[in-house]
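Read the structure below first, then the notes.
What follows is calculated from the coordinates using simple rules that are stated; it is not laboratory data. Here the structure is a predicted model, which means the values were calculated and not measured.
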Amino acid sequence: MGVERKWLFTLFTVAFFSLTFLLFSSFSIFTSPKPLPSYVQHGSHYPPAFAYFITGGNGDKKRIFRLLLSVYHPRNRYLLHLGMDASDEERQGLAAAVMSVPAIRAFGNADVVGKADYVTHLGSSNVAITLRAAAIMMKLDNGWNWFVTLSARDYPLITQDDLSHVFSTVRRDLNFIEHTSDLGWKDLL
């Protein structure tokens, strides 16, 4: 009787653990996994971050989205602008395409301008929308170090990691005017 009792105890123990494991694994199927909060830290001890302003016009939705995907990095901030000549459907389609990317949705660092501005590259409107975009980006997130403007017809020649590596050696408080005044090009004239 002692051997039978030992055998039954082993059988019930294995059955109990198997049933418990099966129940816990079946509960995990029905509950959606919650993504871990994604924290991107900014500061002088971390790699630099860029604020990208990507503009386009009527028919540029796919180009802007392609450009966004090619320059996307979780550390950066993105503002996408379709000009007034683009339809609201195209603007909404761009916003839907942006939100369909899981990484962009998780980090929440890309926005589409809802109220379009009229853009002509021959006048001052291009400067005005760039300044407006910089102001919007500063309100949305001030953790970026440099502001980059791109057109839908641009395409990057280097990766984001390479760009971040190059700019990690540059002082964060440096601006274009200070940088060009230190080059000494005026001495050559």
Which far-off residues, 5 or more places away or on another chain, put their amide H under 5 Å from the one on Ala86, with H placed in the peptide plane? Asn58
Non-local residues with an amide H under 5 Å from the amide H of Tyr52, with H modelled 1.01 Å from N and Pro and chain starts lacking one, are Arg77, Tyr78, Leu79, Val148
Estimated vicinal HN-Hα couplings, Hz - the stretch 123-129 in sequence order (Karplus 6.51, -1.76, 1.60; Gly, Pro = x): x, 7, 5, 5, 5, 5, 6
